[in-house]
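The values are calculated or read from the model by the stated rules, or taken from the named source; none is laboratory data. Being a predicted model, the structure only gives us computed values, none of them experimental. We place every Cβ from the backbone using ideal geometry, glycine too, and count neighbours over all the protein chains shown.
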Amino acid sequence: MYAQETKADYINAAANHTCECIEGKMDDSSVPLEMKLGNCRVQFISNDVARYEKHFGELNFADQQGMTRIGEQLGVAMMPICPDVMMSLVEGAGGMVESAEEPVQNTVSGRITKVGSETFVTLTVKTDNGPELKLLWLDYFPGEELLNVKASDISDQEFRFTYDTLDLHNGKTGEYQSWRVIRSVTRK
């Protein structure tokens, strides 16, 4: 179906989908416009990875430069389709979002009980007040050098983590899943 599709055709299809997706979510003021844009874009790409890879090569959401380039192309293509949404993004007004505040960062203190390392590193932290939380090490954060050692070297130490909760697309299930993404760490 997409055998003769050009990169421009793909970008236009992505722009149409993303605009429709965002406009369908404008009533939800609890989610920042930038996050809606990202979620809609990821949804389009994830629905047909082979189609994406035909035009841009191997999909790697962690490649910030590559994702930025695609995002810029997508933004230009979206401008004539949903100009109000795009102007809200450009002006930093946040569209119909009532508050342009930064997301609330949560803090937890405790001991690391488990280090998982499939695609991304996860840390299971036994909190001071009882429950265990799973934290995702998705990108650089202040203090990461404290954790960049063998798991056995950090298992008896207490740390204080700051994290955001993000909804990330699970490619296996096709659903969004909430993750606690580490934003900083200090030794307690």
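Tabulated values for the structure
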quantity: Tally of residues being closer than 30 Å to Asn47 by Cα, at pLDDT below 85 and not hydroxyl-bearing (Ser, Thr, Tyr) across the range 127-176; calculated: 8
quantity: Residues being without any contact (Cβ under 8 Å) to a residue 40 or more places away in the chain and in a helix (DSSP H, G or I) - total across the range 9-26; calculated: 5
quantity: Enumeration of residues in the range 141-170 that are among the hydroxyl-bearing types (Ser, Thr, Tyr) and assigned to a strand (DSSP E or B); calculated: Thr162, Tyr163, Thr165
quantity: Which listed residue is in contact with a strand residue (DSSP E or B) (Cβ under 6 Å, 6 or more places away or on another chain), over 25 Å from Leu59 (Cβ atoms) and free of Cβ contacts under 8 Å to residues at least 40 places away in the same chain, from Val125, Val149, Val185, Val121; calculated: Val125
quantity: Options Thr162, Thr173; residue that is within 22 Å of the chain's Cα centre (by Cα), surrounded by fewer than 16 Cβ atoms within 10 Å (Cβ to Cβ), of a type in the set (Val, Ile, Thr) and farther than 14 Å from Thr122 by Cβ; calculated: Thr173
